[in-house]
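What follows is a single structure, written as structure tokens, with notes after it.
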4 protein chains.
Amino acid sequence: MSDTMEQWIEELLRSDADGAKMTEKQARIVQSAIEVFAEKGYAASSTSEIAQRAGVAEGTIFRHYKTKKALLLAIVAPAMTKLLAPFVLRGFNNVLDSEYDSYEQVLRAMIENRIEFLRKNRSILKILLQEIPFHPDMQARLQRDVIAVVLERLRRIVAKFQTGGVMKELPSATVIRLSLSAIMGYIATRTVYGEREDAEWDDEREREDTIAFVMRGLGLRQ
Amino acid sequence: MSDTMEQWIEELLRSDADGAKMTEKQARIVQSAIEVFAEKGYAASSTSEIAQRAGVAEGTIFRHYKTKKALLLAIVAPAMTKLLAPFVLRGFNNVLDSEYDSYEQVLRAMIENRIEFLRKNRSILKILLQEIPFHPDMQARLQRDVIAVVLERLRRIVAKFQTGGVMKELPSATVIRLSLSAIMGYIATRTVYGEREDAEWDDEREREDTIAFVMRGLGLRQ
Amino acid sequence: MSDTMEQWIEELLRSDADGAKMTEKQARIVQSAIEVFAEKGYAASSTSEIAQRAGVAEGTIFRHYKTKKALLLAIVAPAMTKLLAPFVLRGFNNVLDSEYDSYEQVLRAMIENRIEFLRKNRSILKILLQEIPFHPDMQARLQRDVIAVVLERLRRIVAKFQTGGVMKELPSATVIRLSLSAIMGYIATRTVYGEREDAEWDDEREREDTIAFVMRGLGLRQ
Amino acid sequence: MSDTMEQWIEELLRSDADGAKMTEKQARIVQSAIEVFAEKGYAASSTSEIAQRAGVAEGTIFRHYKTKKALLLAIVAPAMTKLLAPFVLRGFNNVLDSEYDSYEQVLRAMIENRIEFLRKNRSILKILLQEIPFHPDMQARLQRDVIAVVLERLRRIVAKFQTGGVMKELPSATVIRLSLSAIMGYIATRTVYGEREDAEWDDEREREDTIAFVMRGLGLRQ
DNA sequence: CATGAATGAGTATTCATTCAT
DNA sequence: TATGAATGAATACTCATTCAT
């Protein structure tokens with residue numbers, strides 16, 4: 001899974017939205033834009049700084065992207081696509097319906113999946129999170145193309161394990177919410193505190209505790 | 001608790017950081033700034049629009065706030081203070097050590113507390129969340145004056161209930177994280193979906209499911 | 001001579017152009033204005049800084065002086081008057097026609113006169129010199145009320161000593177120019193270098209050399 | 001000497017501080033800036049007026065000069081360089097040690113030199129004189145790069161003629177001061193009065209009188 | 001395809017001046 | 001008389017975007 005993942009920024013840098021190949025300059029522009037947007041936020045970033053960091057002339061940016069916002073979208077749109085890539089790909093060949101033997105495996109897969117993704121795309125995700133509230137078009141697209149798809153996918157996976165007990169009594173949406181909350185809380189904390197040198201963060205243990213917590217909370221046995 | 005809470009925006013608008021009384025124009029400036037910052041983000045907001053919405057001359061803003069950033073801080077700084085008000089107040093008279101009979105009560109208090117707070121301060125919190133990543137000074141202050149205080153407070157409350165079973169075996173920080181994740185996941189989902197007219201969101205039930213999930217996850221009986 | 005002189009700033013601060021008495025606040029305003037104008041130049045000075053230094057409200061300045069320029073004139077105009085005070089006063093009672101026995105005495109008087117004046121009015125003179133080029137009204141007034149008067153006065157004094165030799169052959173305007181050039185060059189150099197601690201400036205000697213130079217240059221014996 | 005001199009404003013307008021060629025617009029900006037600064041003083045000049053007179057957009061100014069002050073320096077700095085050009089050039093090929101046969105020749109050279117320079121650079125010199133008091137960096141540079149160099153140069157020239165009599169007894173610095181005072185007094189008066197139509201200014205005679213005055217004052221024979 | 005000079009609308013901020021209290 | 005809140009025009013400077021080369 002992560003093998004494909006590892007290469008997608010490079011892919012992003014290799015071809016643009018139309019699938020057309022990127023020149024080396026265009027790639028440098030996108031790289032710099034990611035850096036600058038993540039550092040200062042979209043609105044506070046200037047195309048001139050992006051050009052400078054990319055080592056190209058200001059005009060060159062606008063040869064490739066009509067406006068500054070188009071450049072933002074060129075970065076953020078593929079990020080959305082990739083966000084759901086694992087789900088779509090699996091769903092595609094229908095393998096996944098039988099892929100997981102236990103809900104615990106599902107949780108572990110989600111954790112690894114997200115962590116890996118986060119590690120490789122921190123800057124882009126930061127930009128996405130920052131800008132989503134201000135761009136209704138991006139919101140709509142995220143909801144429609146990503147969240148809805150992912151949720152539907154998860155709903156079907158979860159349904160498979162709702163065979164009885166507590167889990168059967170909970171709406172699948174609630175199961176998903178509770179699971180994702182715990183996982184995202186784990187990842188977020190890990191991201192913030194897990195990297196400090198002074199931190200007492202035993203990653204292995206925290207992850208196991210989190211999984212156990214969810215399993216117990218859903219009335220499942222590990 | 002929420003009685004006091006309900007009035008604090010009005011308080012914010014009644015007196016500034018120095019405790020000096022706000023003129024009516026100053027209050028209008030702060031109001032407009034909250035609106036505009038929340039709508040467009042700090043960097044994309046212009047002082048001229050804020051002035052216009054407040055019905056004052058642009059110069060008037062700068063008579064009260066030396067810079068645009070000072071205006072931001074005048075909005076966000078008291079929000080931080082209020083964020084921890086409930087914790088500090090209770091700790092003060094030491095009542096709370098004996099306040100909660102069960103961890104369930106703690107969870108319910110946190111939920112009500114935060115929901116109420118969120119309801120009244122949505123815009124300001126949005127601004128805070130948006131700007132924190134770009135203002136290291138705000139980050140430091142939030143960490144030192146709010147997060148550290150709240151966590152320490154929660155740690156002591158949690159410790160009281162770590163008498164045995166699963167909960168005793170988990171670090172209190174982990175208990176807090178798992179609890180907060182679930183609560184915040186609930187509140188966030190509720191905030192996004194709970195207000196849509198078409199939504200199938202049974203708030204009562206979702207809250208109870210969440211509390212039950214946490215209790216079970218921590219090995220506690222309701 | 002310098003006895004009167006020594007007090008004129010105080011006089012300036014005691015009564016305004018109409019001869020009306022100055023309040024203490026008004027005096028503080030003028031004082032501060034002199035400081036600030038001299039430090040930063042008229043155009044780069046702000047009335048708010050002047051008010052602040054004077055410890056009065058911004059509005060107070062405009063109660064006393066209709067505009068910023070009026071404040072400038074209130075400082076500079078009396079300076080012009082005082083500039084020629086010694087000449088006018090003496091001319092008035094006609095004593096001076098017989099006051100000096102030699103041209104050397106005239107030179108010595110001018111030097112002492114100017115040095116004393118400069119010492120007490122450095123800031124105001126600096127302002128005058130800086131602003132003269134940009135205010136034609138001030139130029140006209142200086143020319144008409146000061147320069148013309150002083151030159152006429154000097155012309156008559158010089159004439160008295162043009163009894164023969166080189167001096168008789170030079171136009172009195174030329175004599176004045178040559179004398180004033182030397183004196184002003186001496187004073188200027190002294191002002192710039194004479195106050196440095198490291199400077200090798202023997203004031204006594206420089207003054208005597210200057211006087212001797214002029215006397216010799218004009219073909220007079222000391 | 002003055003042949004080269006005559007061309008330096010054009011040079012200034014042909015290439016900037018880095019030696020890079022100036023565009024036509026850049027030249028117009030500098031021209032307008034010189035005009036406006038000279039007319040109103042630096043602080044009272046607005047970049048918008050400069051842009052308007054130059055017939056360019058305001059932004060264009062800042063493409064070439066990062067700040068208004070940088071524009072000032074771009075005008076004033078080369079003026080300083082040119083100010084000492086004649087001295088440096090001569091010193092360079094060491095011709096000048098034997099260049100003047102008499103001190104009178106030195107005086108005549110200085111007069112012509114300065115008059116020519118003044119004629120061509122009146123505006124820039126006015127700006128320089130006006131702004132020097134408010135820019136310590138410019139002061140330092142002028143002192144170090146111009147005044148010190150010129151004085152040293154003059155000191156050596158003067159020393160050559162201090163073979164006896166009055167001149168030998170005077171410090172060379174004093175000789176320079178007295179000579180420059182007389183020359184500058186002559187030039188200043190000439191500049192102010194010599195151009196009025198009504199003026200009774202016989203330039204030829206005034207110059208000769210001045211030179212004779214200095215020679216006599218220094219105890220030299222013409 | 002790439003450049004970078006040029007633009008003009010826009011930015012935060014300052015300022016001299018007014019006026020109700 | 002003195003205040004200081006309020007103003008709005010002006011200020012230096014930035015920026016996304018265009019276009020001739």
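Between copies, A:Glu208 shows label-point distances of 3.6, 10.1, 11.3 nm, shortest first, with the point placed 7 angstrom from Cα along Cα to C-beta.
Projected label points at A:Leu220 and A:Leu118, each 7 Å from Cα along the beta carbon direction, are separated by 2.0 nanometres.
Whenever you get a sec, compute what percent of the accessible area on region D:130-208 sits on carbon and sulfur atoms (1.4 Å probe). The nonpolar share, carbon plus sulfur, comes to 55 percent. In this assembly, the C-D interface accounts for approximately 2700 Å² of buried accessible surface in total, computed with a 1.4 Å probe and without ligands, DNA or RNA. What pairs from C:Lys40/C:Lys66; C:Lys40/D:Lys120; A:Lys40/D:Lys68; A:Lys40/A:Lys69; B:Lys69/D:Lys40; C:Lys126/D:Lys82 go past 23 Å between their alpha carbons? From the list (C:Lys40/C:Lys66; C:Lys40/D:Lys120; A:Lys40/D:Lys68; A:Lys40/A:Lys69; B:Lys69/D:Lys40; C:Lys126/D:Lys82), the Cα-Cα distance tops 23 Å for C:Lys40/D:Lys120; A:Lys40/D:Lys68; B:Lys69/D:Lys40; C:Lys126/D:Lys82. For region B:156-222, GluC sites (Glu not before Pro) meeting the loop criterion (DSSP other than H, G, I, E, B) and having at most 13 other Cβ atoms within 10 Å: B:Glu195, B:Glu197, B:Glu200. Between B:Thr189, B:Met215, B:Ala173, the Cα set farthest toward the positive side of the dipole of region B:165-222 (charges on each charged residue's Cβ, about the Cα centre) is that of B:Ala173.
Taking R0 as 30 Å, what's the FRET efficiency between C:Ser102 and D:Glu152 from their Cβ-Cβ distance, rounded to 0.05? It comes to 0.20.
Using a 7 Å projection from Cα along Cα-to-Cβ, the label point at B:Asp101 is separated from the same position in the remaining copies by 4.6, 11.7, 12.3 nm, smallest value first. Modelled this way, with points 7 Å down the Cα-to-C-beta line, the labels at A:Lys25 and D:Lys160 are 5.9 nm from one another.
Peptide C:209-222 is shielded by partner chain Cβ atoms: per residue, an average of 5 of them sit within 10 Å of its Cβ. Other residues with beta-carbon under 14 Å from the beta-carbon of D:Glu35 carry, at +1 per Lys or Arg and -1 per Asp or Glu, a net charge of +3. Peptide C:182-190 is shielded by partner chain Cβ atoms: per residue, an average of 4 of them sit within 10 Å of its Cβ. The 3J(HN,Hα) values that the Karplus relation (6.51, -1.76, 1.60; θ = phi - 60°) gives for region B:156-169 are, in residue order, 5, 5, 4, 3, 4, 9, 8, 8, x, x, 3, 4, 5, 7 Hz. Gly and Pro appear as x.
With the simple model of a label 7 Å out from the Cα in the direction of the Cβ, C:Ser46 to C:Ala70 spans 2.3 nm.
In the calculated pair-distance distribution of region A:109-222, the portion above 16 angstrom amounts to 68 percent of the Cα-Cα pairs. Across region C:178-190, computed HN-Hα scalar couplings (Karplus, 6.51 cos²θ - 1.76 cosθ + 1.60, θ = phi - 60°) run 5, 5, 5, 4, 5, 5, 5, x, 4, 5, 4, 4, 4 Hz from first to last residue, x flagging Gly and Pro. Applying 1/(1 + (r/R0)^6) with r as the Cβ-Cβ distance of A:Val192 and B:Glu197 and R0 = 45 angstrom yields a FRET efficiency of 0.80. Note on D:29-41: average number of Cβ atoms from other chains within 10 Å of each residue's Cβ is 1. With label points defined 7 Å past Cα in the direction of Cβ, position D:Arg155 shows copy-to-copy spacings of 4.3, 7.1, 9.3 nm, given to one decimal and shortest first.
The values are calculated or read from the model by the stated rules, or taken from the named source; none is laboratory data. Values in this document were obtained by computation on a predicted structure and should not be read as measured data. Note that each Cβ is placed from the backbone with ideal geometry, even for glycine, and that neighbours are counted across all protein chains shown. These area figures cover heavy atoms from the full protein model, side chains too; ligands, DNA and RNA do not enter into them. Shrake-Rupley method; radii C 1.70, N 1.55, O 1.52, S 1.80 Å.
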